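Chemist: Before we start, here is the structure in question, set down as structure tokens.
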Amino acid sequence: MRILGIDDGPFDKFKDRECNLIGVLYRGGQFMDGLLTTKVEVDGFDATMNIIDMVNKSKWKEHIRAIMLNGCAVAGFNVINAHKVHEATDIPVIIVTRDFPDYDKLYSALRKLDMEKKIPLIEKLGEPQKVKDIYVQCVGIDTEQAEELITLTSTHSNIPEPIRVAHLIASGLFFGESKGGA
């Protein structure tokens with residue numbers, strides 16, 4: 001069972017126009033089988049298409065059973081259209097967050113930045129569901145199936161290994177050494 005975990009790298013919001021996006025392919029929660037990379041614009045609109053391209057061009061695409069995202073946005077407010085990712089790749093998408101999102105704060109920030117057209121993409125995901133000690137939103141997979149995958153892949157923390165390792169690699173590329181806290 002191969003799962004692709006995706007996380008963005010750190011960036012300097014005052015200087016960087018782009019941010020690394022790292023995809024780690026894991027066999028269950030035990031073995032890393034591959035690494036995918038792309039870049040996305042900080043606060044941009046390209047994350048959805050770049051993820052789709054990264055997955056569809058991968059030699060491992062036919063083996064990927066689910067895509068796990070660390071949140072619904074990368075590179076600041078580059079919001080991912082998880083439904084479009086699912087439709088274009090034919091792979092279920094599971095969005096994972098440690099905490100229940102503060103939607104009032106998030107939507108307020110998007111409105112202040114004149115990015116309110118990104119709000120419907122987030123609303124379409126529906127209410128996050130608590131699974132173990134994290135929250136998930138699922139597209140193309142039900143919560144029970146997602147819980148099975150989270151249980152299978154969460155071998156060293158509450159965060160599934162594909163996301164945790166993607167985070168470590170992304171932070172290591174930026175800082176020169178990895179930082180925790182996926």
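What follows draws every value from the coordinates through simple rules; no lab data is involved. Please read all numbers here as calculations on a predicted model, not as lab measurements. All Cβ positions, even for glycine, are placed from backbone atoms using ideal geometry, and neighbour counts span all protein chains on display.
Chemist: Residue separation times 0.36 nm, minus the C-alpha to C-alpha distance between Phe14 and Leu173: what's the value?
Modeler: Here the segment from Phe14 to Leu173 would lengthen by 55.4 nm.
Chemist: What ranking do His156, His63, His167, His86 get, fewest neighbouring Cβ atoms within 10 angstrom at the top?
Modeler: Going from sparsest to densest Cβ surroundings: His156, His63, His86, His167.
Chemist: In deg cm²/dmol, rounded to 500, what helix-only [θ] at 222 nm does the chain give when every DSSP H run of at least 4 residues adds -39500 (n - 2.57) and the total is split over its residues?
Modeler: -9500 deg cm²/dmol
Chemist: Please report, in debye to the nearest 20, how large the charge dipole of region 2-175 is about its Cα centre when each Lys and Arg carries +1 at its beta carbon and each Asp and Glu carries -1 there.
Modeler: Roughly 300 debye for region 2-175.
Chemist: Work out the charge dipole of the chain with +1 on the Cβ of Lys and Arg and -1 on the Cβ of Asp and Glu about the Cα centre, then indicate which of Gly126, Gly29, Val165 is farthest towards its positive end.
Modeler: Ranked along the dipole, the leading option is Val165.
Chemist: Here is a further query. State which entries of Lys57/Lys117; Lys15/Lys130; Lys15/Lys117 exceed 27 angstrom in Cα-Cα distance in the structure shown.
Modeler: From the list (Lys57/Lys117; Lys15/Lys130; Lys15/Lys117), the Cα-Cα distance tops 27 Å for Lys57/Lys117; Lys15/Lys130.
Chemist: Would you mind telling me which residue in Asp12, Asp104, Asp142 has the biggest mean-square fluctuation in a Gaussian network model of the chain, where springs connect alpha carbons within a distance under 10 angstrom?
Modeler: Asp104
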